[in-house]
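Enquirer: Okay, here's the structure, questions in a sec.
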2 protein chains.
Amino acid sequence: MFDQLKKIAPQLQGSWERYANLYHRLEVPAKTILLHEGDVSKKAYYIEKGCLRAWFNNKGKDVTFQFFFEQEGVSSIESFRKGIPSPITLESIEPCVLHWIHKKDYNEVMKELNTIPEVREQMAALMLNRQINYMSHFMSFIRDTPKERYLNLLKEKPHIVKRIPQHYIASYLGITSVSLSRIRNAINK
Amino acid sequence: MFDQLKKIAPQLQGSWERYANLYHRLEVPAKTILLHEGDVSKKAYYIEKGCLRAWFNNKGKDVTFQFFFEQEGVSSIESFRKGIPSPITLESIEPCVLHWIHKKDYNEVMKELNTIPEVREQMAALMLNRQINYMSHFMSFIRDTPKERYLNLLKEKPHIVKRIPQHYIASYLGITSVSLSRIRNAINK
DNA sequence: GGCCTGCGATAACAATTGTTAATAAATGAA
DNA sequence: TTCATTTATTAACAATTGTTATCGCAGGCC
């Protein structure tokens, strides 16, 4: 779970085990809600096995916002870090093996890690990359047609198309499942 | 230019003037390009007066990505911070009074500021907020219709609608200027 | 003033997407 | 296995948006 950080800050030696003990293992079936839209998030998750989606309710329909897979950390970042109501729901798509940490413990770990300049830089770089990812994802929405977005997804993130039910992908692409079905049909010709 | 930071780190007293001297004043007419798509950014700008837009070329048409106004810092963040070719062009919309700083100097200032925990926290919070802004902007694209996005813009950021030519706003909303004109016509009834 | 350019509105038609509904296939649980 | 639920496809029609082109207006520049 801390593989990357261990390389950067080996001087923390004994601390890693202590950190790992703050995480709690959790197995959940598919379609389990881990955080409800509107609630304040107190837990951050790490995915050992399975996948999740973040979605929100829009006029009675659910709109999928993002997917998460193995070896990824998951939270409603604004809710978890700022203590405000979450704009999104977190839900398992497949049966999952997760590890969660309480906000209180997470903050303690971060406090310690932040004393190490190398780790701090690494964290800042991670945040920058996350921001750049959101920006380029957003750019594709004002640049490309739904058909182009689907073809991009097939090329750039085929694991999503292979693993995620199509109607979730449709709303992730900003279209209806009917329209995605038509687009797929048009491509196979 | 450092108003916010002065409150957080008054102990830097004499440094502010030194920092301010690293900035160069620059006046430009409208439609001046400050950074070309594909070039590596070496300068970050601060807007004293006027406004800019970030746009990129898509199949011969330019697509506006973001607007910037007075008292805002502007750069192609991935190009400036990571030294990679910029995915966007920066261009003035109105005649502007700008202040720019060279990357080398910027890094020096940041190095000093990063030694102060309070400033570091403030910077991290700023980055977090930027990311949250991009996320919620993106959410509006998979949630709302073009008409709803325009109505949101009118409500949330009326200064953009008042000040920016309509065809730039259209591509910012992900639609053509013809379609935006139709939407405006439909609203006025 | 006269001219050019940029900007916005509108029309006509093509293309795409949304909506609703019906159906079929796949999946999962008892 | 059987049954119920979920998921994907297709059709028909409505609504929206894109494309192309024309027109009028206002601002800036000579």
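The values are calculated or read from the model by the stated rules, or taken from the named source; none is laboratory data. In this text the structure is predicted, and so the values were computed from the model without any measurement. FYI the Cβ positions are ideal-geometry reconstructions off the backbone, even for glycines, and counts take in every protein chain you see. To get the accessible areas, we keep the full protein, side chains included, count just its heavy atoms, and leave off ligands, DNA and RNA. Shrake-Rupley method; radii C 1.70, N 1.55, O 1.52, S 1.80 Å.
Enquirer: If you average the sequence gap of Cα pairs under 8 Å that are 6 or more apart and divide by the length of the range A:105-189, what percent do you get for the contact order?
Expert: Once normalised by length, the contact order is 15 percent.
Enquirer: Whole Å is fine, so just give me how far the alpha carbon centre of the range A:131-183 lies from that of the range A:2-58.
Expert: Using only Cα atoms to place each centre, the spacing works out to 26 Å.
Enquirer: What does a probe at A:Asn129 reach in the range A:1-23, counting residues whose amide N is under 14 Å from the point 7 Å along Cα→Cβ?
Expert: A:3-8
Enquirer: Moving to a separate point now. Every other copy gets compared here: list the nm distances from the B:Gly60 label point (7 Å along Cα to Cβ) to its counterparts, shortest first, one decimal.
Expert: 4.4
Enquirer: How many nanometers, to one decimal and shortest first, lie between the label point of A:Arg130 and those of its other copies, if labels sit 7 Å from Cα toward Cβ?
Expert: Label-point separations across copies, in nm and ascending: 1.4.
Enquirer: At a threshold of 8 angstrom on Cα-Cα distance, excluding pairs fewer than six apart, so keeping six or more, what relative contact order does chain A reach in percent?
Expert: Rounded, it is 23 percent for chain A.
Enquirer: Measuring from a point 7 Å past the Cα of A:Glu48 along Cα-to-C-beta, which residues in the range A:2-41 have an amide N at less than 11 Å?
Expert: A:24-28
Enquirer: Over the protein assembly as shown, with the other protein chains present, what is the accessible area per residue in square angstrom, probe 1.4 angstrom?
Expert: 53 Å²
Enquirer: Convex hull over the alpha-carbon atoms of the range A:144-189: what's its volume per residue in Å³?
Expert: 67 Å³
Enquirer: For the range B:3-103, what is the number of Lys pairs with C-alpha distance below 19 angstrom, counting only pairs 8 or more positions apart or on separate chains?
Expert: Qualifying lysine pairs in the range B:3-103: 8.
Enquirer: Taking the Cα-to-Cβ direction at A:His159 and at B:Glu112 and moving 7 Å from each Cα, how far apart do the two end points lie in nm?
Expert: So the label points at A:His159 and B:Glu112 sit 4.4 nm apart.
Enquirer: Let me ask something else about it. Give me, ordered by chain and number, the residues 5 or more places off A:Lys49 or on other chains with an amide H under 5 Å from its own placed amide H.
Expert: A:Val97
Enquirer: Under a point spin-label approximation (7 Å from Cα along Cα-to-Cβ), what is the B:Leu26-A:Lys61 distance to one decimal in nm?
Expert: 4.5 nm
Enquirer: Using modelled backbone amide H atoms (1.01 Å from N, in-plane), which distant-in-sequence or interchain residues come within less than 5 Å of B:Phe65's amide H?
Expert: B:Ala54, B:Trp55, B:Phe56
Enquirer: Kindly tabulate the residues in the range B:123-142 with an accessible-area decrease of at least 40 Å² between the chain alone and the assembly of all protein chains, using a probe of 1.4 Å.
Expert: B:Met127, B:Leu128, B:Gln131, B:Ile132, B:Tyr134, B:Met135, B:Phe138, B:Met139, B:Phe141, B:Ile142
Enquirer: Sticking with this structure for a sec: Could you name the aspartates and glutamates in cross-link range of A:Lys104, using Cα to Cα under 14 Å and dropping any fewer than eight places away on the same chain?
Expert: Straight-line reach from A:Lys104, under 14 Å: A:Glu112.
Enquirer: For A:Lys162, which inter-copy label distances result when the label point lies 7 Å beyond Cα on the Cα-to-Cβ vector, reported in nm to one decimal and in ascending order?
Expert: Between copies, matching label points for A:Lys162 lie 5.4 nm apart.
Enquirer: How long is the gain from A:Ser136 to A:His167 if the chain were fully straight, where each residue apart is worth 0.36 nm and the alpha carbon distance is subtracted?
Expert: Gain on extension, A:Ser136 to A:His167, equals 8.9 nm.
Enquirer: Considering every pair of different Cα atoms, what Kirkwood radius, in Å, is found for chain B?
Expert: This gives a value of 18.3 Å.
Enquirer: In addition: Report the percentage of all Cα-Cα pairs in the protein assembly as shown whose separation exceeds 41 Å, rounded to a whole percent.
Expert: Distances greater than 41 Å cover 19 percent of the Cα pairs.
Enquirer: Moving on. With a 1.4 Å probe, what is the total accessible area buried between chains A and B, in Å² rounded to the nearest 100?
Expert: That pair of chains buries around 3200 Å² in total.
Enquirer: Once you place label points 7 Å from the Cα toward the Cβ at B:Ser15 and A:Thr145, how far apart are they in nm?
Expert: The two pseudo-label positions are separated by 5.4 nm.
Enquirer: Expressed as a whole percentage, what fraction of the accessible surface of the range A:91-170 belongs to carbon and sulfur atoms when a 1.4 Å probe is rolled over the protein heavy atoms?
Expert: Here it works out to 55 percent.
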